[in-house]
Amino acid sequence: MDIEAEFREHRTWHERVTCSFADGTLTLIAFNDYDANGSALSDEFSDCISAVIPIGGNSDDGAFEVVAVEKI
């Protein structure tokens, strides 16, 4: 699954989505006008990853972390 394509095609309420992998960390960056704490984006990112790789849990188990949310 191409995560950027998934968001571009099926989760269009998030804009300018980029996904990268470096130093063992998969990072997703997106813009939207409703997710002040990043939890909606984190949940959808988790859904995308879980569809491809069984991680044995959900975003509450520490597998996913919101690093920063900026109001622009």
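The numbers here are math on the coordinates, done by the rules we state, and not lab data. The structure displayed is predicted, hence computed values, not measured ones. All Cβ positions, glycine included, derive from the backbone under ideal geometry; neighbour counts span all protein chains shown.
Peptides 47-53, 66-72 ranked from most to least packed give 47-53, 66-72, packing being the mean of other C-beta atoms within 10 angstrom over each peptide's residues. Once backbone amide H atoms are built at 1.01 Å from N, Trp13 has no partners under 5 Å, excluding neighbours fewer than 5 places away on the same chain. Could you compute the FRET efficiency for Ala68 and His10, with r as their C-beta to C-beta distance and R0 at 22 Å, rounded to 0.05? Efficiency computed from Cβ-Cβ geometry: 0.35. Per-residue Karplus couplings for the stretch 39-46, computed as 6.51 cos²θ - 1.76 cosθ + 1.60 with θ equal to phi - 60°, are listed in order as 5, 5, 5, 4, 4, 6, 4, 4 Hz, Gly and Pro entered as x.
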